[in-house]
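Below is one structure, written out as structure tokens, with a few remarks after it.
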Amino acid sequence: MFNKNKFGLDFGTSNSRISGLNKGILLDEPSVVAISVDDNSVIAIGYEAKEMLGKTPEGIISKNPIKGGAIANYKISELMIKHFLSKVSKSKFLSGSEVVASISSGLTSVEKRAIYEAIVNSGAKKVYLMPESLLTAIGCNLPIGTSSGNMVINIGGGTAEFAIISLNGIVISDAIRIGGDYINESIINFLKKNRGIVIGNQMAENIKLNIGSALPLTSPLEMEIKGRDSITGMPKAVNIDTNIVVEAIKSPLNLIIQTTRQILEKTPPELSSDIIDRGILLSGGTSLLRNIDVLLSRAIGIPVYVNDNTLFNVSEGAAEAIKYIEALSKNIKNPL
């Protein structure tokens, strides 16, 4: 019963995931809320709300209250967090619960406070905000307590996080607001300009998952996509293949490569040696894009690998961090 009130929260742009200390994954749902325009009442949260994206009638709005890893709509975010936490806790008011929540290293103090207060107002007794990259490393069982250097790149829906970690702390870090959503937008814009078809975010996501790749394929995968003609506005269907998607997403991937190089250039030589030997850990939902690890490895000349449990590294690491809260205290980023 004691461990049931200790949670790790990955409050992501695309998905929110909650793990319990020694309990594994307790919740994995889209960070989407459907609300009524008339009275701002919540109609649906999570999977049900995501199914409404782009399909709602007049008077109902379905949206992501998290943008770029930060709270874009405070009230809706608070309702969503409270809903998700209540689903994994037998206590309606989360009495006595402790939460370690991940945050982007690029957030402002105002954005950190918004996340902190949203979780506190959801009923949690103790809340600890910690960098996403550190929690990723913990969730992947990297030896962060040693003097060896570990490099982690976590690419989620809204942000890409980069960090060099040693002795239970972050030596160097950076974050850019480029992730899976930005890649989807790149696909949408490319197809509108080059194929004359307008598609929605859900279709772009399906394209990325089904035929997307960071590098060209000798035998490209093909897919029929449906949308609206960009000139006539009439329904339209076209066939595209993997190599078209590769061209469409070059820009965001190049920005990720560029930031990786910048981090490595600032890394102390002693830690650089460790990273060459250990390689770079790639995590987050966007790490599942075909060949993204190969692209990064070729670009920087260092091995890059994707963790098997990549979608849940952050929430699992956050739950595990509760056991070592004193040793990790210097990484707590709670607002003053």
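The values are calculated or read from the model by the stated rules, or taken from the named source; none is laboratory data. Quantities reported herein were computed from a predicted structural model and do not represent experimental measurements. FYI the Cβ positions are ideal-geometry reconstructions off the backbone, even for glycines, and counts take in every protein chain you see.
In the stretch 162-189, the residues that are at positive phi and not assigned by TED's automatic domain parsing to the domain that holds Ile322 form Cβ pairs under 8 Å with partners that are outside any helix (DSSP H, G or I) and surrounded by 19 or more Cβ atoms within 10 Å (Cβ to Cβ), at six or more places apart or across chains, as follows: Leu167/Ile144; Asn168/Ile144; Asn168/Leu328. All conditions but one from (1) touching an Asp or Glu at 6+ places or on another chain (Cβ under 9 Å); (2) among the hydroxyl-bearing types (Ser, Thr, Tyr); (3) over 20 Å from Ser287 (Cα atoms) apply to Thr259; the one that does not is (3). Selection over the stretch 17-45 of residues that are among the polar types (S, T, N, Q) and in contact with a Pro (Cβ under 9 Å, 6 or more places away or on another chain) gives a count of 1. Among the residues of the stretch 302-311, those identified as surrounded by fewer than 19 Cβ atoms within 10 Å (Cβ to Cβ) and outside any loop (DSSP other than H, G, I, E, B) are Tyr305, Val306. Scanning the stretch 118-149 for residues that are under 21 Å from the mean Cα position of the chain (by Cα) and free of Cβ contacts under 8 Å to residues at least 12 places away in the same chain gives a single hit, Asn141. Only a single criterion out of (1) out of contact with any helix residue (DSSP H, G or I) (no Cβ under 8 Å at 6 or more places or on another chain); (2) under 20 Å from Ser283 (Cα atoms); (3) in contact (Cβ under 8 Å) with a residue 60 or more places away in the chain is not satisfied by Asn210, namely (3). Which is surrounded by fewer than 19 Cβ atoms within 10 Å (Cβ to Cβ), modelled with pLDDT under 95 and small (Gly, Ala, Ser), of Ala299, Ala327? After ruling out the rest, the residue left standing is Ala327. Taking the stretch 23-52 as the range and being surrounded by 15 or more Cβ atoms within 10 Å (Cβ to Cβ) and in contact with a Gly (Cβ under 9 Å, 6 or more places away or on another chain) as the test, the residues that pass are Leu26, Leu27, Glu29, Pro30, Ser31, Val32, Val33. Listed conditions (1) buried (at least 19 other Cβ atoms within 10 Å of the Cβ); (2) out of contact with any helix residue (DSSP H, G or I) (no Cβ under 7 Å at 6 or more places or on another chain); (3) not in a helix (DSSP H, G or I) are all met by Lys55, apart from (1). Checked against the criterion of being at pLDDT below 90 and farther than 27 Å from Gly227 by Cβ, the candidates Leu53, Leu85, Leu9, Leu26 yield just one match: Leu85. Kindly evaluate Ala248 against the criterion of being of a type in the set (Gly, Ala, Ser) and within 30 Å of Gly227 (Cβ to Cβ). Yes; evaluated as a whole, the condition is true for this residue.
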